[in-house]
Amino acid sequence: MNVKEQAVPGNDDIPSCVLAQGLGRCIDCGKYVPARLVFEDGFTYILKECPFDKTKSKELWFKGKWKGNPWKRIPAYWPHKEAHSDRSLHWEQSDHKLLILSIKLGTECSARCRICTLASRRINKGQSVRFDPATAEKMIASHKGKIISFCMVEPTESEYLPGLIRFASRRKFVTVISSNGLKLADCAYLKILKDAGLNYLFLSFDGFDEELCEVLRGGRHQYHLKLKALENLKAEKMKVGIKAVMVKGLNEKQVGPLLDYALKNNFISEMSFQSLSLGGAEEGGGFDKNSLMSVDEMKELVNGALGISGEYFEYWDELKINLAAILARFPFIRVPPFELDTIYFLRKKGGAFPLLDIALLKRIVALLRDGRAVGLTAACFHFLNSLSGFILKEMIIGRRSLETNDSVLRVKIRSFAGTRFFSYPGMTVRRKAMFRP
């Protein structure tokens, strides 16, 4: 999409770089309204104009510049919604196969973390939130995908969580929760969830320093409860992804210890980093926009801690995008949504190593850039040849995928998504990217 210089609504004297146009949810009425992404003074903002409330808003999205969608045309079978660009206020859910069904169990959390902005962004704040387990079961039973995720805000505080996990597990769904980990310090409760059929858990943990829990979360006591939760999860052999919130000037030095812990403990399958979010505001909870970290800044910290090339993330992204573009040409192959800004490390005796070294990764990417079958064949040969032992032992004999393998750690940089954009002129509206957990 061409970049144009326009004025920010309500700030006509401030020029801004418009990056993309699409739809965003109005924080007041909850409806999807026209939205634009603009880049201003090193930050990306979302500008929204609500025709229902006759209001305009400017929300801080993240630090850095939104780089746009890497796809020229997103596969039609990826989850999407249909809309006309001239009637974008009236759109309907298309008949598609959602990958993940997210069940929202509530809107309150007793941890009262200082960095949690969800409560301040709740739609229709004045209305009480009621959860109906029967409705949730109907949603699960009718879901056509494979994954059920329980979230909002702390799922372990819901009395319905074990029963819903059991309900979903009996129907062969993969069950996932995102938790602060405080209740998981109780091993008996963790066993209840495990026995119910819980498959995977994302745990919020920002570093090995109790002072961080005092500044970022709800108090020093949380630190020791989280450590106990990690101990219990390891003992129960649960699959865990650690999510660390990064705050500039506060916990950059924790990147190394977190990665070291994740690499040495094979119950950790993912280590992800994401910047502090202020929920659209420029300050709040004792922080301001200068506390945010860009994706590039977080990548630099990870690269330094792991001792890898600064181009490593970019080459992995290019490998996936080019490979998917080639495979999408074949009508009998369906390319699943995948993760960008993600790299992979292989645990071996004597340490952990990149799944593909930088020289081989560059060679494979160069072959895929050609875009022809010859390049694809050569790239596949080099890829399979370098990982033949791992593929045979772990994926064929062990029947474990890259995501569930004990030997592999995913290292991911997460970014927030809150706006939908037209992927190309016409009918289809999608999120800026589609990911799987």
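What follows is calculated from the coordinates using simple rules that are stated; it is not laboratory data. In this text the structure is predicted, and so the values were computed from the model without any measurement. Here the Cβ positions follow ideal geometry from the backbone for every residue, glycine too, while neighbour counts run over all protein chains shown.
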Problem set entry | Computed over the stretch 246-304: relative contact order in percent, which uses C-alpha pairs under 8 Å that are six or more apart | 42
Seminar exercise, completed: Between residue 102 and residues 5 or more places away or on another chain, the pairs with built amide H atoms under 5 Å apart involve 149
Exercise. Stretch residue 235-residue 380 to full length: gain in nm at 0.36 nm per residue minus the Cα-Cα span?
Worked result: 48.4 nm
Problem set entry | Distance between modelled label sites at residue 373 and residue 171, nm, 7 Å Cα→Cβ extension | 4.2
Exercise. Roughly how many whole Å is it from the C-alpha centroid of the stretch 272-327 to that of the stretch 151-189?
Worked result: 29
Problem set entry | Neighbourhood net charge (13 Å Cβ-Cβ; Lys/Arg +1, Asp/Glu -1) for residue 378 | +2
Exercise. Taking K and R as +1 and D and E as -1, what net charge do the other residues with C-beta under 12 Å from the C-beta of residue 314 add up to?
Worked result: -1
For this session: Rank these for me by crowding, 23, 387, going from fewest to most other beta carbons within 10 Å.
Result: 387, 23
Problem set entry | Cross-link reach list, lysines versus residue 320, counting only Cα pairs under 21 Å and skipping chain neighbours closer than eight places | 67, 72, 299, 362, 412, 432
Seminar exercise, completed: Net charge (Lys, Arg +1; Asp, Glu -1) of residues whose beta-carbon lies under 14 Å from that of residue 166, residue 166 excluded, is +2
Seminar exercise, completed: In nm, the gap between the two label points placed 7 Å beyond Cα toward Cβ at residue 108 and residue 52 is 2.6
Problem set entry | Dimensionless Rg ratio for the stretch 140-255, taking C-alpha atoms and the 2.2 N^0.38 Å reference | 1.12
